[in-house]
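Report on the following structure.
The values are calculated or read from the model by the stated rules, or taken from the named source; none is laboratory data. Keep in mind that this is a model prediction, so the values were computed, not measured. Backbone-built Cβ (ideal geometry, glycine too); neighbour counts: all protein chains shown. Note: areas computed on protein heavy atoms with side chains; ligands, DNA, RNA excluded. Shrake-Rupley method; radii C 1.70, N 1.55, O 1.52, S 1.80 Å.
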Amino acid sequence: MTHTNSYYAATARDKRGFSELEGDLDVDVAIIGGGFTGVATALELAERGIKVALCEAHQIGWGASGRNGGQITGSLSGDTAMEREFRRQIGDEAVDYVWNLRWRGHDIIKSRIDKYAIACDLAFGHLQTALKPRHLADLEQTFKTGIARGMGGDLRMLNASEISEFLATDIYVGGLLNKRNMHIHSLDLCVAEARAAETLGAMIFENSKVENIEHGKRSRIVTEKGSISAEKILIAGNAYHLLNQKQLAGKLFPASLANMATATLGADLAYELNPKNVAVYDSRFVLDYYRLTADNRLMFGGGTNYSGRDSTDIAAELRPAMERTFPQLKGVKIDFSWAGLDGIILNRIPQVGRLNPNTFFVQGYSGHGIGLSHILAEVTAKAITGDDHEFSIFEGARHWTLPVGRGLGSLMVAVGMAYYRAKDSLIR
């Protein structure tokens, strides 16, 4: 199955694709899923000299990894829960550990882009905006924490008038500028990492849906046209797989994340709207997010559909929010609109574990997947090669499980999100 009709797919630099699995292979590690988690782990393992093969049901980056907003920020929606759960295992060290997680993915991605000369429109600068005074108070606390942590050169609080230095809109009462945060062409990064892994000996297969896992001392994954035997297996399909549901059901629920991209605006209008080329999201629980692309489009996303069902007309649903933000774009042509499924975890802590001693799983980034997937790829590669200290920290986190199917579970999550959306509207 080809990529969805997204801006990323239309402008991808590398469209050569990868082979389909045919025949039987024997490797050290088999990975199921060709998004950031699977691809980054494959690269981590290949760099360590491990013989690895990856199977993707569609194309590399086909799911959320190639459909997201492209923003890499230090936000962790489950940070409080992480600190609480990790403290049970590593004590007071948990506070510093979680803080450092915020930026660790940035460093991994920047290092990888430099090491493999990856072209993915990397840009720096992010603005978290406040729509109401209460939001601004929360941002000021975040600012103070960052300053205390030595980020004085990266952070700046902005009042309403200072927002105009960055955005041609009057809907915000202030914001927090973060120069460390980044934005990228997500699909280009994912495909380039897969290509880098391939150059190091990893075998990357597309259009190779794993239909079954035969667990054993040496396990085996089976596709329509082939199989891979391996000492260890990683399930990295996130919201897009239904493997081993006896153990994994009720843990992750899909949410549909919608994005669109305008027609090319031209350099002058793009500069007028966003002269510093910052990525932006607001401070609501169910937020809007946007940025400029390298070819001067506005990419705009938001209004997450927590029912897990795709919207029928994404552009029509997103346009009012975009035009409220930038009235200058009223009636602008939308060239691309698309949605993708993200994996939502009830306590917002990624779920990491082992189904048995040689079958690992990693899933559930709850909207913060680019950075977290790269962190957990590093953590998982270390565990697979014998150092499971960090893996065990995540694995030991307690999670809620809903004893219902995905559809009903997603609807229950949607009801909870509706509460937070209503709460956002009442905050002053």
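Could you say which residue among A261, A315 is crowded, with 22+ Cβ neighbours inside 10 Å and under 23 Å from T2 (Cα atoms)? So the residue among A261, A315 that is crowded, with 22+ Cβ neighbours inside 10 Å and under 23 Å from T2 (Cα atoms) is A261. Can you pull out the residues in segment 17-34 that are open to solvent by 20 Å² or more (accessible area, probe 1.4 Å) and either in contact with a strand residue (DSSP E or B) (Cβ under 8 Å, 6 or more places away or on another chain) or closer than 13 Å to L189 by Cα (or both)? Correct list: F18, S19, E20, E22, G23, D24, L25, D26, D28. Within segment 110-130, the presence of at least one residue that is touching a strand residue (DSSP E or B) at 6+ places or on another chain (Cβ under 8 Å), surrounded by fewer than 18 Cβ atoms within 10 Å (Cβ to Cβ) and in a helix (DSSP H, G or I) is confirmed.
Annotation: D14 fulfils all but one of (1) in contact (Cβ under 8 Å) with a residue 24 or more places away in the chain; (2) of a type outside the set (V, I, T); (3) open to solvent by 50 Å² or more (accessible area, probe 1.4 Å); the unmet one is (3). What about L101, is it over 27 Å from A294 (Cβ atoms) and either of a type outside the set (D, E) or modelled with pLDDT under 95 (or both)? Yes. From the list E140, E83, E56, the one residue that fits, being over 24 Å from F300 (Cα atoms) and open to solvent by less than 30 Å² (accessible area, probe 1.4 Å), is E56. Kindly evaluate R195 against the criterion of being among the charged types (D, E, K, R), outside any strand (DSSP E or B) and touching a residue at least 40 places away in the same chain (Cβ under 8 Å). Criteria met by R195.
Residue by residue, here is whether (1) under 16 Å from the mean Cα position of the chain (by Cα); (2) part of a helix (DSSP H, G or I) holds:
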| position | (1), (2) |
| --- | --- |
| L346 | no, no |
| F360 | no, no |
| G371 | yes, yes |
| E378 | yes, yes |
| F394 | no, yes |
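Contact map, segment 210-235: residues that are closer than 20 Å to L45 by Cα paired with residues that are crowded, with 22+ Cβ neighbours inside 10 Å and aromatic (F, W, Y), Cβ distance under 8 Å, separation 6+ or inter-chain. Pairs shown: K232/F360; I233/F360; L234/F360; L234/F361; I235/F360; I235/F361. Only a single item in (1) touching a residue at least 24 places away in the same chain (Cβ under 8 Å); (2) in contact with a helix residue (DSSP H, G or I) (Cβ under 8 Å, 6 or more places away or on another chain); (3) on the phi < 0 side of the Ramachandran plot is not met by R348, and it is number (3). With respect to R134, is the statement that it is basic (K, R) and in a helix (DSSP H, G or I) true? Judged against the criteria, R134 is a match.
Taken as a whole, the structure leaves A160 outside the set of residues that are modelled with pLDDT of 95 or more, within 26 Å of Y8 (Cα to Cα) and of a type in the set (A, V, I, L, M). A residue that is in contact (Cβ under 8 Å) with a residue 12 or more places away in the chain, open to solvent by 50 Å² or more (accessible area, probe 1.4 Å) and either of a type in the set (D, E) or not in a loop (DSSP other than H, G, I, E, B) (or both) cannot be found anywhere in segment 144-153. Pairs linking a residue in segment 380-394 that is within 12 Å of Q89 (Cβ to Cβ) and at pLDDT 95 or above to a residue that is of a type in the set (D, E, K, R) and crowded, with 16+ Cβ neighbours inside 10 Å, with Cβ atoms under 6 Å and 6 or more positions apart or on different chains, do not occur. Quick check: is even one residue across segment 154-161 in a helix (DSSP H, G or I) and either small (G, A, S) or open to solvent by 40 Å² or more (accessible area, probe 1.4 Å) (or both)? Yes, segment 154-161 contains a residue that is in a helix (DSSP H, G or I) and either small (G, A, S) or open to solvent by 40 Å² or more (accessible area, probe 1.4 Å) (or both).
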